[in-house]
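Enquirer: Handing you this structure, nothing more for now.
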Amino acid sequence: MDDIYILGIESSCDDTSAAVLHNGVLLSNVTASQDVHRAYGGVVPELASRAHMQNIVPVVDQALKRAGIVKEQLSAVAFTRGPGLMGSLLVGVSFAKGFARSLGIPMIDVNHLQGHVMAHFIKESDDDTNQPPLPFICLLVSGGNSQIVKVNAYNDMEVLGQTIDDAAGEAIDKCSKVMGLGYPGGPIIDKLARQGNPHAYKFAEPQIPGLNYSFSGLKTSFLYNLRDWVKEDPDFVEHHKEDIAASLEFTIVDILMKKLRKAVKETGIKHVAVAGGVSANNGLRNAFYDHAKRFGWTVYIPKFSYTTDNAAMIGMVGHFKYQAKEYCDISAPVFSKVTFS
């Protein structure tokens, strides 16, 4: 087999990332995060795109150096085309197009959501065999997406259910903000929840038919409860934050797992994976291990470094598409809408 070197570039939100894969094995994965958004309690698109412009060249340079190769050895450049923030995507896509054109190599466009799912196929060595067999069910949960996906192949993914309003990660971030805990809320809530009682408080669980999700009702219920508690005791959050965080996490995980159990039952597929930023949450990971024991599932949980936005997952999809000669034209525009097509 010829040596296939794929450069992956990810810039859909506020992380600038570049990775190099050799014949499907990861050689390097470099990510520059942006702290500038913390002060604003959320990602500011204009600031994000400016930071990407500063970070993209040094990040790609580091990825090549750590991989121990020169750019002339690259076979193709894979990049996130969408969904994501338009300004952020444009920086990564424009760089990828210019870089590929200057080297005379193909460009490969990658769907960001497809990348998260395919993070399960990242190999750190030739003998790494912990990939799920096809087909498998994947729960994709992040700040922007909550979906149950049936994965038939790298290029054949069927959305069985998805959120009809807010995503699970967004609900966690908003509730954290309401509690005055800061941004991003996911890691903060996760840490506090480990020390609290998950059954201390009850929050509304929306009853949505089929395999779809809804988290807006939970956010409203959380807000009203908090407002009533603080009215009685202005220091309520400070005194009970661990129990509030644990109860919130328990409710969100419960909503996610109920639908996932239904999807497994309906499809009969017991190989179940989790992907996306919220898959770093310990409560969700523990629920997966628990379901493996209780229901005989074989579960696949990514390394923490592959849960958040990273270029390794983009390079992985790029590797599969390169083998199938699925290249894209230099005129390919970015897209911000959530889609699997």
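The values are calculated or read from the model by the stated rules, or taken from the named source; none is laboratory data. This is a predicted model, so every value here is computed, not measured. Cβ sites come from the backbone with ideal geometry, for glycine too, and all protein chains shown count toward neighbours. Heavy atoms of the whole protein, side chains included, go into the accessibility calculation; ligands, DNA and RNA do not. Shrake-Rupley method; radii C 1.70, N 1.55, O 1.52, S 1.80 Å.
Enquirer: So in segment 279-314, with the set limited to residues that are touching a residue at least 40 places away in the same chain (Cβ under 8 Å) and over 15 Å from His120 (Cα atoms), which one is surrounded by the fewest Cβ atoms within 10 Å (Cβ to Cβ)?
Expert: My answer is Asn282.
Enquirer: Being out of contact with any strand residue (DSSP E or B) (no Cβ under 7 Å at 6 or more places or on another chain) and in a helix (DSSP H, G or I) is the filter here, so list the residues in segment 82-112 that pass it.
Expert: Met86, Gly87, Ser88, Leu90, Val91, Ser94, Gly98, Arg101, Ser102, Leu103
Enquirer: Working only within segment 315-334, note down all residues that are within 29 Å of Asn55 (Cβ to Cβ), part of a helix (DSSP H, G or I) and open to solvent by 20 Å² or more (accessible area, probe 1.4 Å).
Expert: Phe320, Lys321, Tyr322
Enquirer: Applying the selection to segment 194-232, what residues are under 12 Å from Ile252 (Cα atoms) and small (Gly, Ala, Ser)?
Expert: Hits for segment 194-232 are Ala204, Ser214, Ser216, Gly217.
Enquirer: Looking only at segment 261-277, which residues are part of a helix (DSSP H, G or I) and touching a Gly at 6+ places or on another chain (Cβ under 9 Å)?
Expert: Correct list: Lys262, Ala263, Gly277.
Enquirer: Take the residues of segment 159-171 that are open to solvent by 20 Å² or more (accessible area, probe 1.4 Å) and in contact (Cβ under 8 Å) with a residue 60 or more places away in the chain: which is farthest from Glu326 (Cα to Cα)?
Expert: Among those that are open to solvent by 20 Å² or more (accessible area, probe 1.4 Å) and in contact (Cβ under 8 Å) with a residue 60 or more places away in the chain, it is Leu160.
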